[in-house]
Amino acid sequence: MNTIPKLTDVYKTHPLDIPTNKNLDSFEQLPDTYDWIQPDSFPSSLTDPNVSLSDSVPLIDLSDLPNAPHLIGNALKTWGVFQVINHGVPISLLNSMESFTNALFDLPSPHKLKAARTPDGVAGYGLPRISTFFPKRMWSEGFTIVGSPLEHFQKLWPDEYSKYCDLTEEYSREMGSLCGRLIWLALGELGITQEDVNWAGSNGDFKTSTNAVIQLNSYPICPDPDRAMGLGAHTDSSLLTILYQNNSRGLQVLREGNRWVMVEPVNGALVVQVGDLLHILTNGLYLSSVHQAVVNQTQKRISIAYFFGPSEGVEISPINKLVTPTRPLLYPTITWTEYLRKKAKLFNNTLSSIRLCAPPSGVLDINDHSEVKVG
Ligand SMILES: C=C1C[C@]23C[C@@]1(O)CC[C@H]2[C@@]12CCC[C@@](C)(C(=O)O1)[C@H]2[C@@H]3C(=O)O
Ligand SMILES: O=C(O)CCC(=O)C(=O)O
Ligand SMILES: [Fe+2]
């Protein structure tokens, strides 16, 4: 029988033992193993006076009904990312998730290691798998939640695990419905209706056909932030990622394939990013956002990424209506698990490795990551 691999089993065929970071708070100087100094990297609006500061990621008010859909479509075609306010997710929930994330990373290292990710697993405490693609270590810690976090939370908080399980479940529910809303607004701008996406479910709410992963990130204060890197340049594999960042700069997005732009924190806003699978679904029309997280010397930073993707077994391929004589089929059919397995080996070259033909001329190809320099 041909069984469909579960998201939690995706790395069973490609286990990786990634050493966890030492307690980063204890360093007064940047150790050589964390020294990224990047002479060839793209300029950044923070460090390079030639990079325009007026270039800022679109900020969209979701309650601005006549205009929001069009602004979303434009942002995803040109940036692959925008910030959203009036999104309907209670600010109190965002604050609670922020406190919970701080509580998790503030636990002593040996305690956090009780919930360490196994080499062939997806969930738990540790450095993201992408760290193995970079020659130097990343100045961060992560914790990944897939499905129920019960087992891990029981180890971290034997007395309080259930309140944290309830909190992450509520967060997942709210983020899932926001993702559903945003996807339909974004697809609607391309003339796509529910009939064109048969896997979205009979009422189009994606409830039974999607999966979610929550990634908690922590970036401790760094003694030499200009030489270090929190999370190296990458795209997300999801359809859509919704990122909450506390009031501290760090997230940068690659603009027009040649410069980094800081995503300025806005109170209560969420950052919405196109992932590789939405890029595939829209036959390359929406750009998968290339991004990285830098660190700073004054404030600890946390972020919470919600990756919204199709369930195991759902096959993603470019929507028929978006394949035309002038825009031929760019990608083959693929599931999220198949894609993640390829990405575990090919990282930023995964999209270009499965591309069926060159993108139409005149179309900016920021998703050809073979040019992304990582220092
Ligand atoms: C479903 C997933 C997306 C993700 C890989 C993972 O299996 C679990 C963590 C996710 C994350 C978070 C940090 C950046 C990233 C590129 C990584 O290495 O792990 C993403 C992965 C992704 O989107 O490809
Ligand atoms: O911390 C950030 O701002 C970025 C996090 C991120 O890109 C991720 O978790 O995939
Ligand atoms: Fe990311």
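The values are calculated or read from the model by the stated rules, or taken from the named source; none is laboratory data. For clarity, every value in this text was computed on a predicted model and none was experimentally measured. All Cβ positions, glycine included, derive from the backbone under ideal geometry; neighbour counts span all protein chains shown. When the accessible area is computed, the model is the full protein with side chains, heavy atoms only, and any ligands, DNA or RNA have been set aside. Shrake-Rupley method; radii C 1.70, N 1.55, O 1.52, S 1.80 Å.
General remarks:
- Taking the protein heavy atoms of the range 7-371 in the context of the full set of protein chains, the accessible area attributed to carbon and sulfur is 50 percent at 1.4 Å.
- Neighbours of residue 199, meaning other residues whose beta-carbon lies under 13 angstrom from its beta-carbon, give a summed charge of -4 when Lys and Arg score +1 and Asp and Glu score -1.
- Leading residue at positive end of dipole, the chain (Cβ point charges), from 149, 23, 332: 332
- Residues considered: 97, 138, 229. Largest GNM mean-square fluctuation over the chain, using C-alpha springs under 10 Å, is found at 97.
- Charge dipole magnitude, Cβ of K and R +1, D and E -1 - the chain, Cα centre, debye nearest 20: 600
- Across the options 243, 119, 197, the greatest Cα extent toward the positive end of the charge dipole of the chain (unit charges at beta carbon of Lys, Arg, Asp, Glu) belongs to 119.
- Average accessible surface area per residue within the range 7-371, 1.4 Å rolling probe, Å²: 42
- Among the listed pairs 77/163; 6/163; 114/163, those beyond 29 Å (Cα-Cα): 77/163
- For residue 246, net neighbour charge (Lys/Arg +1, Asp/Glu -1) across residues whose Cβ lies under 14 Å away: 0
- From most to least packed by mean Cβ count within 10 Å, the peptides 115-124, 280-289 give 280-289, 115-124.
- Counting Lys and Arg as +1 and Asp and Glu as -1 over every other residue whose Cβ lies under 14 Å from the Cβ of residue 16, the net charge comes to +4.
- Pair-distance distribution of the chain: all C-alpha pairs, bin width 10 Å, starting at 0; shares per bin in whole percent are 5, 24, 35, 27, 8, 1, 0.
- P(r), alpha carbons of the range 196-322 - 10 Å bins starting at zero, rounded %: 12, 38, 30, 15, 4, 0
- Extension gain, residue 32 back to residue 345 (0.36 nm per residue minus Cα-Cα distance, nm): 110.1 nm
- Of 332, 58, 31, the one that fluctuates the most in a GNM where the chain has Cα springs shorter than 10 Å: 31
- The dipole here belongs to the range 69-217: it is taken about the Cα centre, uses +1 on the Cβ of Lys and Arg and -1 on the Cβ of Asp and Glu, and is about 560 debye.
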